[in-house]
Structures are given as C-alpha cells and as structure tokens.
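Undergrad: First, the structure itself, so that you have it in front of you.
The values are calculated or read from the model by the stated rules, or taken from the named source; none is laboratory data. What you see is a predicted model; the values in this text were computed from it and never measured. Every residue, glycine as well, gets a Cβ built from its backbone with ideal geometry; the counts of neighbours run over all protein chains shown. Accessible surface is based on the protein model in full, side chains and every heavy atom, while ligands, DNA and RNA are left aside. Shrake-Rupley method; radii C 1.70, N 1.55, O 1.52, S 1.80 Å.
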Amino acid sequence: MSHASDNTPRIAVVTGTSSGIGAAVVKGLCAQGHQVLAVDFNAKGKEVAEAAGAAFYQADLSDAESCRGAIDEAVKRFGGVDILINNAGIQHVESIEAFPEAKWRQIIDLMLTAPFLLTQAAWPHMRKRGWGRIVNIASIHAQVASPGKAAYISAKHGLIGLTKTAALEGGEQGITANAICPAYVKTPLVENQIADQAKLNHMDEQEVIEKVMLKNAAIKRLIDPEEVAVLVAYLISDAAGAVTGSSFNIDLGWTAH
C-alpha cells in the first residue's frame with residue numbers, strides 16, 4: 001500500500017465544476033499541484049477549468065456512457081485516476097404530489113447513479129495503484145429532510161449508503177470513501193432555488209433565506225464554496241488515510257438541535 005507524502009501529485013476527476021463547490025475544488029486541487037479533469041455539462045466549465053489549470057471534459061453525467069467516458073478521458077490524458085470528487089447536481093422544488101416523474105429520474109440518474117458509475121469506472125485504477133480517494137459531496141439533506149425536495153433528498157440519502165459501501169469494499173485496497181454534507185452554500189444552485197422556495201412556501205425571496213434556508217442554522221449566513229474545498233483537500237490527503245466511511249457536516253449548526 002502506498003504511503004507517499006501529501007506532496008505527491010495525483011490525478012483527480014471532479015464533476016459539476018462550472019461554478020460553486022466544484023469550481024472551488026478544482027482551483028484548490030490545481031493549486032496543490034494535482035492533475036485535474038473538470039467535468040461539467042455546461043460548456044462554461046471549460047473557461048473555469050482552464051483558468052485554474054485543469055483540463056475540461058464536457059459530459060451529461062445522467063448518461064451512463066458519459067460517466068465511463070469521463071474516467072476514460074482522465075486515463076487517456078493523465079494515465080489513471082487517483083481521486084474522484086462526485087459533486088454534480090441539480091435541484092427541483094415541488095411537492096411530492098406534483099413532482100414530475102421525468103425530473104425525478106433525471107435527478108436520481110445524475111446525483112446517485114452517476115456517482116456509482118464513476119466510482120465503478122475509477123475503481124480498477126485506484127486498486128492498481130493501491131491508493132484512492134473518493135469524496136462525495138452530499139448535503140445536509142443527506143441527513144435530514146425538507147418539504148419539496150423528494151428526489152434531491154432521496155439521491156443524497158442514497159449517496160451516503162454508496163459512500164459507506166465503497167469504504168468497506170475499498171479499505172484493504174488503499175481506497176477511502178467519505179461524504180461532505182454542507183448546508184446551504186453560496187452557489188448558483190442555491191440561488192436558483194430561492195424563487196422556487198418562495199413560490200412553494202408563499203414567501204418573498206428574503207424570507208426564504210431567513211426563514212427556510214437559515215431557520216435551523218446557529219450561524220446565520222450561507223457557506224462559502226472554499227470552505228467545502230478545504231475539507232476536500234484534507235480528505236484526499238495521506239493525513240486522512242485512516243478516515244473512511246464518514247460523513248462530515250458543514251451545516252452552520254443545523255443538526256445540533
């Protein structure tokens with residue numbers, strides 16, 4: 001099993017990288033000297049990736065072949081995969097009664113099936129090296145539920161199960177798997193759902209921030225994407241070699257109640 005120093009350059013695949021948490025993670029990994037393949041559906045991600053010093057691969061990860069294609073691209077460009085950060089996600093706010101089946105399937109495919117397929121495709125490369133790090137960006141909604149987010153919450157709860165299973169299967173092969181569960185982060189995904197929440201809860205948008213998003217928070221602010229990226233940097237390091245199967249809440253005190 002490898003015990004190389006934390007300064008060893010690694011090969012990382014990061015999904016959902018055109019903005020927010022993914023963009024912050026790509027920037028942080030590149031700054032550490034890692035080779036990074038940034039994967040996003042949005043062509044804007046190319047500019048973000050290149051500004052950070054990463055390569056870019058455009059893909060719709062709700063498609064199974066595109067998931068395998070992303071890992072193949074990393075292997076083709078860099079020779080393998082050491083680190084996988086599953087971050088890509090979308091949101092749809094609606095009651096269960098009115099939730100569109102097509103949107104349910106899209107969210108589950110992107111936020112639960114894709115992390116499984118990416119993990120499955122990256123696994124042989126990590127096993128071959130005797131070293132691997134999988135970090136799944138879940139959500140505080142992997143721990144608790146809120147109305148109007150049936151698909152998102154189901155996917156995030158499932159992601160914790162996938163994380164734990166990967167940790168158990170990867171332990172003897174030098175592969176760790178952990179999840180990060182942030183509360184509301186200052187990202188376009190969060191900004192875009194404020195209007196949806198306002199409609200669902202019959203509130204104005206400022207009320208949504210104060211009475212929905214920050215209602216259960218002890219610290220009354222949104223989280224910076226860089227705060228999540230710092231925890232990612234620790235979990236992919238050799239210093240975290242004994243940490244696996246865990247979920248780390250960055251939730252402003254939400255679950256302290």
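Undergrad: Kindly establish whether VAL243 is closer than 23 Å to VAL25 by Cα, open to solvent by less than 60 Å² (accessible area, probe 1.4 Å) and part of a loop (DSSP other than H, G, I, E, B).
TA: Numbers: closer than 23 Å to VAL25 by Cα: yes; open to solvent by less than 60 Å² (accessible area, probe 1.4 Å): yes; part of a loop (DSSP other than H, G, I, E, B): yes.
Yes: the conditions hold for VAL243.
Undergrad: For region 214-231, check the following and say yes or no: at least one residue is without any contact (Cβ under 8 Å) to a residue 12 or more places away in the chain and open to solvent by less than 30 Å² (accessible area, probe 1.4 Å).
TA: No: region 214-231 contains no residue that is without any contact (Cβ under 8 Å) to a residue 12 or more places away in the chain and open to solvent by less than 30 Å² (accessible area, probe 1.4 Å).
Undergrad: Write out, first by first residue and then by second, each pair whose Cβ atoms fall under 6 Å of each other, whose residues are 6+ apart or on separate chains, and whose first residue, in region 40-64, is closer than 15 Å to CYS30 by Cβ while the second is modelled with pLDDT of 95 or more and open to solvent by 70 Å² or more (accessible area, probe 1.4 Å).
TA: Every condition considered, the pairs that remain are ALA52/LYS27; ALA55/ARG77; PHE56/LYS46.
Quick grid of which residues meet (1) within 19 Å of MET111 (Cα to Cα); (2) in contact with a Ser or Thr (Cβ under 9 Å, 6 or more places away or on another chain); (3) in contact (Cβ under 8 Å) with a residue 12 or more places away in the chain; (4) open to solvent by 70 Å² or more (accessible area, probe 1.4 Å):
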position: ALA166; (1), (2), (3), (4): yes, yes, yes, no
position: GLU169; (1), (2), (3), (4): no, no, no, yes
position: GLU172; (1), (2), (3), (4): no, no, no, yes
position: ILE175; (1), (2), (3), (4): no, yes, yes, no
position: ASN178; (1), (2), (3), (4): yes, yes, yes, no
position: CYS181; (1), (2), (3), (4): yes, yes, yes, no
position: VAL190; (1), (2), (3), (4): yes, no, yes, no
position: ALA195; (1), (2), (3), (4): no, no, no, no
position: GLU205; (1), (2), (3), (4): no, no, no, yes
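Undergrad: Of a type outside the set (Lys, Arg), on the phi > 0 side of the Ramachandran plot and surrounded by 18 or more Cβ atoms within 10 Å (Cβ to Cβ): which single residue out of GLY33, GLY20, GLY53 fits that description? Steps first, answer last, please.
TA: Details: GLY33 fails: surrounded by 18 or more Cβ atoms within 10 Å (Cβ to Cβ); GLY53 fails: surrounded by 18 or more Cβ atoms within 10 Å (Cβ to Cβ).
When all the criteria are applied, what remains is GLY20.
Undergrad: Continuing with the same structure: Can you name every residue in region 99-122 that is open to solvent by 50 Å² or more (accessible area, probe 1.4 Å), over 12 Å from ASN136 (Cα atoms) and hydrophobic (A, V, I, L, M, F, W, C)? So that I can check it myself, show each step before the final result.
TA: Taking region 99-122 first, the residues open to solvent by 50 Å² or more (accessible area, probe 1.4 Å) are 100-106, 109, 113, 116, 120.
So of that shortlist, the ones also over 12 Å from ASN136 (Cα atoms) come out as 100-106, 109, 113, 120.
Within region 99-122, ALA102, TRP104 meet the criteria.
Undergrad: Quick one: TRP104 ticks every box in (1) over 26 Å from ARG10 (Cα atoms); (2) within 18 Å of the chain's Cα centre (by Cα); (3) in a helix (DSSP H, G or I) except a single one, so which number is it?
TA: Among (1) over 26 Å from ARG10 (Cα atoms); (2) within 18 Å of the chain's Cα centre (by Cα); (3) in a helix (DSSP H, G or I), TRP104 violates only (2).
Undergrad: All but one of (1) in a helix (DSSP H, G or I); (2) in contact (Cβ under 8 Å) with a residue 40 or more places away in the chain; (3) in contact with a Phe, Trp or Tyr (Cβ under 9 Å, 6 or more places away or on another chain) hold for ILE90; state the number of the condition that does not hold.
TA: Result: ILE90 fails condition (1) only.
Undergrad: Which residues, counting only those in region 200-257, are closer than 30 Å to THR8 by Cβ and among the hydroxyl-bearing types (Ser, Thr, Tyr)? So that I can check it myself, show each step before the final result.
TA: Pass one, region 200-257, residues closer than 30 Å to THR8 by Cβ: 223-250.
Correct list: TYR234, SER237, THR244, SER246, SER247.
Undergrad: Shifting gears a bit: If a residue must be over 13 Å from the mean Cα position of the chain (by Cα), assigned to a helix (DSSP H, G or I), within 17 Å of ALA179 (Cα to Cα) and of a type in the set (Gly, Ala, Ser), how many such residues does region 127-157 contain?
TA: The total comes to 1.
Undergrad: I'd like to verify a number: residues in region 72-91 that are over 22 Å from ALA233 (Cβ atoms) and under 17 Å from the mean Cα position of the chain (by Cα), how many?
TA: 2
Undergrad: Checking the condition among the aliphatic types (A, V, I, L, M), more than 19 Å from the chain's Cα centre (by Cα) and not in a strand (DSSP E or B), which residue from VAL228, VAL232, VAL208 passes? If you could, list the steps in order and put the result at the bottom.
TA: Numbers: VAL228 fails: more than 19 Å from the chain's Cα centre (by Cα); VAL232 fails: more than 19 Å from the chain's Cα centre (by Cα).
Result: VAL208 is the single residue among VAL228, VAL232, VAL208 that is among the aliphatic types (A, V, I, L, M), more than 19 Å from the chain's Cα centre (by Cα) and not in a strand (DSSP E or B).
Undergrad: A follow-up question, please. When you scan region 133-148, do you find a residue that is at pLDDT below 95 and open to solvent by less than 50 Å² (accessible area, probe 1.4 Å), even just one?
TA: So far as region 133-148 goes, yes, one or more of its residues are at pLDDT below 95 and open to solvent by less than 50 Å² (accessible area, probe 1.4 Å).
Undergrad: State yes or no: is VAL190 assigned to a helix (DSSP H, G or I) and in contact with a Pro (Cβ under 8 Å, 6 or more places away or on another chain)?
TA: Working: assigned to a helix (DSSP H, G or I): yes; in contact with a Pro (Cβ under 8 Å, 6 or more places away or on another chain): no.
Judged against the criteria, VAL190 is not a match.
Undergrad: What single numbered condition from (1) touching a residue at least 12 places away in the same chain (Cβ under 8 Å); (2) over 17 Å from LEU235 (Cβ atoms) fails to hold for ARG105?
TA: (1)
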